[in-house]
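Here the structure comes first, spelled out in structure tokens, and everything after it is commentary.
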Amino acid sequence: MTNLTTFITGMNCAGCLIAGLFFFRFWFRTKDLFFAAFGVAFWLFALNQGMVALSGLSGDDQSWIYLLRLSGFAVIIIAIVSKNLGARAAK
């Protein structure tokens with residue numbers, strides 16, 4: 001991995017951490033688990049990017065790291081579905 005790629009991956013990691021912090025701040029204000037789920041998902045994305053940048057593995061060897069990204073998207077999908085089902089149950 002080149003220095004530029006490592007730098008951009010690190011910036012992406014930092015951006016995901018900051019986005020997660022914003023979502024956790026919204027969660028503390030509203031106590032809505034939807035925001036907490038998004039915060040967890042973005043921290044999983046940050047962990048994924050950090051591990052990719054720091055592992056030093058080639059592309060084929062780091063494929064298991066992307067399971068973190070998959071779990072982050074699963075958390076987002078579950079949060080959206082549960083929010084929509086909760087809105088229907090409230091009607």
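Any residue at all in the range 66-80 that's part of a loop (DSSP other than H, G, I, E, B), surrounded by 11 or more Cβ atoms within 10 Å (Cβ to Cβ) and either of a type in the set (Gly, Ala, Ser) or out of contact with any Gly (no Cβ under 6 Å at 6 or more places or on another chain) (or both)? Within the range 66-80, not a single residue is part of a loop (DSSP other than H, G, I, E, B), surrounded by 11 or more Cβ atoms within 10 Å (Cβ to Cβ) and either of a type in the set (Gly, Ala, Ser) or out of contact with any Gly (no Cβ under 6 Å at 6 or more places or on another chain) (or both). Candidates are the residues of the range 66-89 that are farther than 13 Å from residue 42 by Cα and not aliphatic (A, V, I, L, M); the one that is modelled with the lowest pLDDT is 88.
Of all residues in the range 23-59, those that are within 30 Å of residue 2 (Cβ to Cβ) and of a type outside the set (A, V, I, L, M) total 10. Among the residues in the range 27-49, are any at pLDDT below 90, part of a helix (DSSP H, G or I), basic (Lys, Arg) and loosely packed, with under 13 Cβ neighbours inside 10 Å? No: the range 27-49 contains no residue that is at pLDDT below 90, part of a helix (DSSP H, G or I), basic (Lys, Arg) and loosely packed, with under 13 Cβ neighbours inside 10 Å. Scanning the range 1-23 for residues that are surrounded by 13 or more Cβ atoms within 10 Å (Cβ to Cβ), in a helix (DSSP H, G or I) and over 12 Å from the mean Cα position of the chain (by Cα) returns 6, 8, 9, 10, 22.
The values are calculated or read from the model by the stated rules, or taken from the named source; none is laboratory data. Remember, predicted model here, so these are calculated numbers, not experimental data. When we count neighbours, we look across all protein chains shown, and the Cβ atoms used for this are built from the backbone with ideal geometry, even at glycine.
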